[in-house]
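What follows is a single structure, written as structure tokens, with notes after it.
The values are calculated or read from the model by the stated rules, or taken from the named source; none is laboratory data. Predicted model only: the values in this text are computed from it and were never measured. All Cβ positions, even for glycine, are placed from backbone atoms using ideal geometry, and neighbour counts span all protein chains on display. Ligands, DNA and RNA are excluded from the accessible area calculation, which covers all protein heavy atoms including side chains. Shrake-Rupley method; radii C 1.70, N 1.55, O 1.52, S 1.80 Å.
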Amino acid sequence: MRLDQFLSARTMYSRRELRQMISSGSVTVDGAVMKKSDFPVKPEENRVCLMGEHVPGDLYLYVLLNKPKGYVCSADEPGQHSVLELIPPALLRKNLRPVGRLDKDSTGMLLLTDDGQTAHQIISVRSHAAKFYRIVLARPWEDSYAAQIASGMVLRDGTQCMPAQAALVPGTQREALILLREGKYHQVRRMFAAMGNHVEELERVAIGGLVLPPDLPLGGCQVLLHKDVQKMLKYEADFASLLQTG
Ligand code: URA
């Protein structure tokens with residue numbers, strides 16, 4: 001595969017832009033500057049860097065972002081900052097999209113990929129992929145919450161939720177861990193609003209068996225392997241352990 005083809009399929013730049021970047025010395029192959037756009041590249045063997053950033057050779061890209069507050073998951077909301085602004089340019093492929101949504105004021109684990117099939121599996125209700133959220137409430141936790149959530153809540157607008165799991169974080173009064181197997185609009189916030197409380201902070205801490213790495217800072221991202229992404233679908237983090245570790 002030609003170097004400009006390789007980069008065009010894996011970045012947001014056009015072939016014309018890439019040819020200019022290549023001829024101006026912005027691209028290295030295995031550590032050496034390569035100025036020939038038609039240089040033959042083997043995606044599984046060569047290490048290609050664009051402006052010093054490694055461009056992974058895999059056909060699909062999976063990026064795990066620790067989303068900070070203030071960013072929206074859509075790419076085109078006027079006047080809003082998109083999570084795509086947090087992805088380093090060398091990783092910004094044309095079809096890279098967030099898998100599911102986190103609200104503007106929510107933080108934590110957000111997967112972005114250009115692999116539409118895997119994205120669909122993770123958000124599909126039929127796959128039952130577990131999403132774990134840590135929340136901070138405005139008012140103290142009430143004992144009745146866990147049972148209401150476990151029995152399948154009805155939101156204020158009449159929306160029926162699937163049975164879910166929730167528990168107070170030991171040693172706290174207002175922090176809780178919630179496990180959902182679906183993703184309705186603003187679901188966690190609306191569940192607690194329906195019970196007369198208010199969610200002040202919401203962080204997604206795990207999807208399936210993949211837990212947000214504690215050393216990934218807010219706004220930071222890392223490239224995941226396909227097998228790590230499969231952990232989201234095939235395994236499930238342990239609720240009791242997540243409740244303890246925070
Ligand atoms: N539930 C919410 O209310 N907000 C999120 O961002 C995720 C789940």
Next item on the list: Residues being outside any helix (DSSP H, G or I) and either open to solvent by 80 Å² or more (accessible area, probe 1.4 Å) or modelled with pLDDT of 95 or more (or both): count how many of those fall in segment 1-13.
Entry: 3
Next item on the list: Might you check whether a residue that is under 15 Å from the mean Cα position of the chain (by Cα), of a type outside the set (Ser, Thr, Tyr) and on the phi < 0 side of the Ramachandran plot occurs anywhere in segment 44-61?
Entry: yes
Next item on the list: Only strands (runs of 3 or more DSSP E) wholly contained in segment 128-207 count here; list those with 3 or more residues that are farther than 24 Å from Leu65 by Cβ and outside the structural domain of Gly100 (by TED's automatic domain parsing).
Entry: 165-168
Margin query: Looking at segment 14-35 only, could you name the residues that are surrounded by 12 or more Cβ atoms within 10 Å (Cβ to Cβ), in contact (Cβ under 8 Å) with a residue 12 or more places away in the chain and not charged (D, E, K, R)?
Written below: Leu18, Met21, Ile22, Ser23, Ser26, Val27, Thr28, Val29, Met34
Checklist line | Residue, farthest from the ligand (Cβ to nearest atom), within segment 196-241, restricted to residues that are surrounded by 19 or more Cβ atoms within 10 Å (Cβ to Cβ) and among the β-branched types (Val, Ile, Thr) | finding: Val229
Check: So which of Ala193, Ala176 is surrounded by fewer than 17 Cβ atoms within 10 Å (Cβ to Cβ), of a type in the set (A, V, I, L, M) and over 26 Å from Tyr62 (Cα atoms)?
Finding: Ala193
Margin query: Here is a check on your reading of the model: is Glu17 of a type in the set (Asp, Glu) and under 28 Å from the mean Cα position of the chain (by Cα)?
Written below: no
Item checked: Whichever residue in segment 73-107 is surrounded by fewer than 20 Cβ atoms within 10 Å (Cβ to Cβ) and under 19 Å from Glu200 (Cα atoms) and, among such residues, is nearest to the chain's Cα centre (by Cα) -> Arg101
Check: Out of curiosity, is Ser26 under 16 Å from Pro89 (Cα atoms) and at pLDDT below 95?
Finding: no
Check: Counting just the residues of segment 159-173 that are open to solvent by less than 50 Å² (accessible area, probe 1.4 Å) and farther than 18 Å from Ala130 by Cα, which one comes out nearest to the ligand (Cβ to nearest atom)?
Finding: Thr159
Checklist line | Evaluation of Ile135 against (1) modelled with pLDDT of 95 or more; (2) away from the ligand (no atom under 16 Å from the Cβ) (one fails), failing number | finding: (2)
Margin query: Going by what's in this entry, would Ile149 be described as of a type in the set (A, V, I, L, M), farther than 24 Å from Cys73 by Cβ and buried (at least 16 other Cβ atoms within 10 Å of the Cβ)?
Written below: yes
Notebook entry, point to check: From the set of residues in segment 120-130 that are open to solvent by 20 Å² or more (accessible area, probe 1.4 Å) and in contact with a Leu (Cβ under 9 Å, 6 or more places away or on another chain), which is farthest from the ligand (Cβ to nearest atom)?
Noted result: Gln121
Item checked: Residue within segment 102-116 that is of a type in the set (Asp, Glu), touching a residue at least 12 places away in the same chain (Cβ under 8 Å), away from the ligand (no atom under 16 Å from the Cβ) and closer than 25 Å to Val63 by Cβ present -> yes
